[in-house]
Structures are given as C-alpha cells and as structure tokens.
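The values are calculated or read from the model by the stated rules, or taken from the named source; none is laboratory data. These numbers come from a predicted model, not from an experiment. We place every Cβ from the backbone using ideal geometry, glycine too, and count neighbours over all the protein chains shown.
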Amino acid sequence: MVDRKIPYLGFNFTVALAQGGDVSDPIAGFSEVSGLNTEVTVAEYRAGNFKENHSRKLPSVYKTGDVTLKRGLIKNSDIKDWVQAVRDTGVAAKRDSVVITLLDEQHEPVATWTLRNVMPIKFTGPTLTGKGTADVAMEELVLSAERIDFDF
C-alpha cells in the first residue's frame, strides 16, 4: 500500500444507525459531524517510599465527547422518532451503534468511527427568519455515546 501524501477531504462521509448489530443504510445525508473524540483521564499517584519527589501518571477512566450531527431539514421522521423514543422509554431506546464512515475520492471507505450505546441528548430545529434569503433550514442532533471506536 502506497502512503498517501494528500490528506483526505472531509466532505465525503456517511452516517448509519445500527440496532442489534446490523448497520442500516445510511440515513439522510448530514452536512457536518463534529465532536469525534475520546479522552483518557490521568490519575496521579506517589507512594510514600518513592525516592523522587514526583508523582507517577497512570491511565484512569476514559470519557467520550458528545457528537454533533447537522443536516438540512428534510421530510424524514427517523430522527424525530428516535428522540421521541428516548423521551418515552429512556435507555431502552439506545442504539447499539452509529457508524460514521469517511470515504475517499472513489467512494471507498477510508476510516470509520463507531459510536457505541448511543442516544440523542439534544435536538435543535432550524432557525427560521423572514428575511427572504435562500439559506437552508438546518437541524442539529447531539448524540451521547459511551465509547467511540476508530478503525483506519
């Protein structure tokens, strides 16, 4: 495999929901995905008999950031139904995974981020204004995941 010298472009990606381990078809195209991060916290420890006067840093629990998805408002009820299910049934409406796939110029998968045990925690509808501009009505969905797995 030849090492790539040019970075991949960030506009060619898909988002798919999964339940029961089965990744469904990509849901309506999102224009932006942000917040794909995980952070390992550090526990500082110093035993009383250490000869040096400093602490050791040990990996502790990890945190996963909230992931934000944005898309133009379309006549599709998948997001609305999921948010409603979480409001009605709580954790029972969590999805097993949401898979975000970055594609190359030939639409072949390059990298995937798999969000595990996912539920929506915030939905923001579009900003509506009567100014007469041709701006797209955008909706925003914030997802809370317990873990993000990255595969390249």
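What the table below lists for this structure:
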item	result
Exclusive hit being at pLDDT 85 or above and in a loop (DSSP other than H, G, I, E, B), set 39, 44, 52	52
Restricting the range 112-143 to residues that are of a type in the set (D, E, K, R) and within 29 Å of residue 89 (Cα to Cα), the residue that is nearest to the chain's Cα centre (by Cα)	116
Condition met for residue 85 (in a helix (DSSP H, G or I), more than 15 Å from residue 35 (Cβ to Cβ) and either among the hydrophobic types (A, V, I, L, M, F, W, C) or touching a strand residue (DSSP E or B) at 6+ places or on another chain (Cβ under 8 Å) (or both))	yes
Scan of the range 92-116 for residues that are in contact with a helix residue (DSSP H, G or I) (Cβ under 9 Å, 6 or more places away or on another chain) and surrounded by 15 or more Cβ atoms within 10 Å (Cβ to Cβ), ordered by number	93, 94, 95
Hey, residue 28 out of contact with any Gly (no Cβ under 7 Å at 6 or more places or on another chain), among the hydrophobic types (A, V, I, L, M, F, W, C), at pLDDT 90 or above and not in a strand (DSSP E or B) or not	no
Residue list for the range 56-80, restricted to those being over 15 Å from residue 124 (Cβ atoms), under 20 Å from the mean Cα position of the chain (by Cα) and modelled with pLDDT of 90 or more	61, 62, 63, 64, 65
Residue tally, condition of a type outside the set (Asp, Glu) and assigned to a loop (DSSP other than H, G, I, E, B), over the range 113-152	13
Selection count, the range 32-63, where residues are touching a residue at least 60 places away in the same chain (Cβ under 8 Å) and in contact with a Pro (Cβ under 8 Å, 6 or more places away or on another chain)	0
